[in-house]
Amino acid sequence: MKGAIRKVAIIAAVALVVLIVGIVLAIIFHVLLDVLYIFLMLLAALMVVGTLLQVLSVVALIRAISTVREEVKPLLASVQETVGIVKDTAQTAGHTVKTVSNAAQLTGEIALAPSVRAVAAVVAGQEMVRVFFGKGHTRTRADKRRKEQLKAIEAMERTNPDAITAGALGGVKPGEEASNGAYGIGR
């Protein structure tokens, strides 16, 4: 690239030197007006050539555009065909999803719903038996967890007495319950 720029610069410098020398010689021999007319004719000829080249480039551009249009038509047809195939595939996938959804709903209605009802009835029966034959009140899971936590805290306190304070338990020391019972449930 540097070599081409250097060649263009040398040619431009030589042309400028020849032009200056030509103008000086035309002044010396008193033919400056004739040289001016010759330059004007050369510039007019170059302008005609430039205009013809622009017309040829516009014609080439029009041909290129028409060629691209001819090539794009089959591509658009192919894209439309592909879109149709994708649309059909999406519809098939939608039908498959609907079928799977219906099968899952049927399974839930036939197999799961009765089993869930049966388990709920068994758990309710157990709670009723606990209420009638137990200490007179139900133990919730939260009560059971609270007692397990208190046992764990007591075990930690035995190993490290400074680790747990009464403030961390909300004012209730391990092994004690609040005055109205745990979580407000009386005995």
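Nothing in this text is a laboratory measurement; each read-out follows from the coordinates by a stated rule. What you are looking at is a predicted structure, and each value in this text was computed from that prediction instead of being measured. Cβ: placed from backbone, ideal geometry, glycine included. Neighbour counts: every protein chain shown.
Between D34 and M1, the C-beta separation translates, for a Förster distance of 41 Å, into a calculated FRET efficiency of about 0.50.
Loop-resident chymotrypsin sites (Phe, Trp or Tyr not before Pro) (DSSP state other than H, G, I, E or B) in region 1-89 with no more than 11 further Cβ atoms inside 10 Å of their Cβ: F29. Rg over Rh for region 1-154 works out to 1.72, both radii taken from alpha-carbon positions and Rh defined as the Kirkwood radius.
Computed over the alpha carbons of region 1-44, Rg followed by Dmax gives 13.9, 43 Å.
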